[in-house]
Amino acid sequence: MKLTLVAQQASVRLASGKVVEAWTFNGRVPGPPIRARRGDLVEVTLVNRDIDDGVTAHWHGVDVPNAEDGVAGVTQDAVRPGARYRYRFRVDQEGSFWYHSHQVGSEQVRRGLCGPLTLLPRTPSSTRELDVPVVTHLFTGSFAIGADDTLQHRAVAPATTVRLRLVNTDDTPRRYVLAGTPFRVAAIDGTELNAPPPIENQTLELGGGARYDVTFTMPPTPVRLQVVDAPAGIVFSANGSGDVAATDSRVLFDPSSYGSPKATRLGSMARFDRRFRLVITRKPGFFDGRPGLQWAVNGEIYPRTPMFMVSTGDLVKMEIDNRTNSFHPMHLHGHHMLVLSRNGRPVRGSPWWVDTLNVRPKEQYEVAFLADNPGLWMDHCHNLQHAAKGLTMHVVYKGITTPFEAGEASGNHPE
């Protein structure tokens, strides 16, 4: 599969008629949907037409080889105006992902440099299916699904299997409700859950950068997906009209107790080769030469935040302790983490794999991952405003170095 992404400034008209001045891929927001199948060789050429700070393309949640990760100053230099860069990787996953610039990400993602990425099984399904990426984004005061900031209507034949791939591209958590039918949360962050049961009247909360796949069989009556506290939503019905009231549910979906347990190599009884602790706090200090109350990891302010050193083949356990009053969707590049416990309570449902873990204020998690993808990897808060202010660190394989540099002199700014 070959594709060219052109990063450029453009005026984009939303469905309401509002025009936003955006930074786009191929003149649209979100960028063009990328779909590939397991085993495909993906080749994407990134062209920067007029984004002055430079751009990259990061494949969020895809465990690509380190050189293809698309992080300015870590795995490449930012692509300057008039230049181009080629990414190549073989698809070895299935699920819902997304792509975005990882150069001045706190600004570039907000202004629209992102798009959906769907990795499909090697063999197409023989059943009738509707597969819909639902990319939600806040554009300067207008919240949209794709480029639609209104209530959409779509015609779907009854008995059709529907998969909604919810992608939260914003810094803050978003909540979604599905009314009119029971549904399943089939996958989280691109990994299928084990034996997910049907549920209804539950609210789904996605942290920044996270994805949930929601599946249901289309009934004869309308079904409505609604983003909580936003006008954007989608009504599915047999004839493309009608509606159903959005559910006002106070029950928050809990992935730690959903689905059925299944043995994994990284279960709580595993013998871990490396154990790390990641404590998030705030403390007075200097960041980028400016005094203030700064984000700190293990008591250190960036760039003195720790590097967690691993070797290929290590089983790694990490404790995450959020001692602040803010949400921190922690995103580890190049790996998926198995959630072992939350606030001291073991996960008792399906194995819960994530690449972006929404850590709520004062929460503690234990997670584990297999060090099977050598490189120098970012591990950062995907509230990109937090990352831009220092809430970032790295997981580094022993013996791995990079020729790239970040900072003012290099012009590379990962966040």
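Coordinate-derived values only; no laboratory data. The shown structure was predicted, so the numbers you read here are calculated from the model rather than taken from an experiment. When we count neighbours, we look across all protein chains shown, and the Cβ atoms used for this are built from the backbone with ideal geometry, even at glycine.
Structural remarks
- Of the peptides 133-140, 102-109, 276-283, the order by per-residue mean of other Cβ atoms within 10 Å, starting with the highest, comes out as 102-109, 133-140, 276-283.
- Converting the Cα gyration tensor eigenvalues of region 129-253 into ellipsoid dimensions via √(5λ) gives semi-axes, longest first, of 20, 18, 13 Å.
- For the chain: span of alpha carbons on each principal axis (Å, largest first): 58, 53, 44
- The share of Cα pairs per 5 Å bin across region 274-397, counted from zero up to the longest distance, runs 2, 11, 22, 25, 19, 12, 6, 2, 0, 0 percent.
- When each of the peptides 229-239, 151-161, 296-306 is scored by how many other beta carbons lie within 10 Å of its residues on average, the order from highest to lowest is 229-239, 296-306, 151-161.
- Lysine pair count for the chain (Cα-Cα distance under 29 Å; residues 8 or more apart in sequence or on different chains): 10.
- The Rg/Rh ratio for region 345-400, using Cα coordinates for both the radius of gyration and the Kirkwood hydrodynamic radius, is 1.00.
- Stretched out straight at 0.36 nm per residue, the stretch from Thr45 to Arg84 would grow longer than its current Cα-Cα span by 13.4 nm.
- Summarising the amide proton neighbourhood of Leu278: residues at separation of 5 or more, or on other chains, whose placed amide H is nearer than 5 Å comprise Glu319, Ile320, Asp321.
- Each residue of region 287-303 was assigned a 3J(HN,Hα) from its phi angle through the Karplus curve 6.51 cos²θ - 1.76 cosθ + 1.60 (θ = phi - 60°); the sequence is 10, 6, x, 10, x, x, 8, 10, 5, 9, 10, 6, x, 10, 9, 4, x Hz, with glycine and proline shown as x.
- When each of the peptides 92-98, 7-13 is scored by how many other beta carbons lie within 10 Å of its residues on average, the order from highest to lowest is 92-98, 7-13.
- The percentage of C-alpha pairs in region 224-312 whose separation is greater than 19 Å is 71%.
- Calculated FRET value between Glu192 and Arg128, using beta carbons and R₀ = 25 Å, to 0.05: 0.80
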